[in-house]
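Visitor: Have a look at this one.
The values are calculated or read from the model by the stated rules, or taken from the named source; none is laboratory data. Because the structure is predicted, anything quoted here is derived from the model rather than measured. A quick note on method: Cβ atoms are made from the backbone with ideal geometry, for glycine too, and the neighbour counts reach across all protein chains shown.
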């Protein structure tokens, strides 16, 4: 995928927005070619220097930017020259999808292996043991706790898990 295509992809735009937030998005959305200082970015984008530095550090933590330090011979000041590396984005997104799949699989198992009770007045859900401890009465309002059917939730999770497995080409042997 070409660099410009990456930046125009709505999934990648959302990914960058989730990483750096709205204040860092101008930094992430318009990476310059070659090296640039945080001061140059702040001036060019009309942003606070701290917001630019925060966004750059987040991009660095996610392997989307690197820097090199240059010491000024006269003043001794360090200058950080930043370079963007958005070719790592597809791999990062794939790792996120694997993490999501694992979390969904764990949650689906939890939903499948536990029995739940619901206070229909307060909309508070309890596991069987908690419901039993409360005598099947809501500790907030005293209403009776009703057995809860979580089949629709589990079905939705199963569909999402299946879609992620398909997209990631994950075979499940059971």
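Visitor: Can you find a residue in the range 18-36 that is surrounded by fewer than 11 Cβ atoms within 10 Å (Cβ to Cβ) and under 30 Å from residue 162 (Cα atoms)?
Guide: For the range 18-36, residues surrounded by fewer than 11 Cβ atoms within 10 Å (Cβ to Cβ) and under 30 Å from residue 162 (Cα atoms): present.
Visitor: Right, something else. Taking the range 5-28 as the search range and keeping residues that are farther than 22 Å from residue 42 by Cα and modelled with pLDDT under 80, which one is farthest from the chain's Cα centre (by Cα)?
Guide: Within the range 5-28, the match that is farthest from the chain's Cα centre (by Cα) is 5.
Visitor: Also: Within the range 63-77, is even one residue assigned to a loop (DSSP other than H, G, I, E, B), under 17 Å from the mean Cα position of the chain (by Cα) and buried (at least 16 other Cβ atoms within 10 Å of the Cβ)?
Guide: Yes, the range 63-77 contains a residue that is assigned to a loop (DSSP other than H, G, I, E, B), under 17 Å from the mean Cα position of the chain (by Cα) and buried (at least 16 other Cβ atoms within 10 Å of the Cβ).
Visitor: Checking residue 47 against (1) in a loop (DSSP other than H, G, I, E, B); (2) under 28 Å from residue 96 (Cα atoms); (3) touching a residue at least 12 places away in the same chain (Cβ under 8 Å), which single condition isn't satisfied?
Guide: For residue 47, the failing item is (2).
Visitor: From 117, 80, 98, grab the single residue that is surrounded by 11 or more Cβ atoms within 10 Å (Cβ to Cβ) and in the same structural domain as residue 54 (by TED's automatic domain parsing).
Guide: Exactly one of 117, 80, 98 is surrounded by 11 or more Cβ atoms within 10 Å (Cβ to Cβ) and in the same structural domain as residue 54 (by TED's automatic domain parsing), namely 80.
Visitor: From the residues in the range 9-34 that are outside any helix (DSSP H, G or I) and without any contact (Cβ under 8 Å) to a residue 12 or more places away in the chain, which one is farthest from residue 97 (Cα to Cα)?
Guide: Result: 33.
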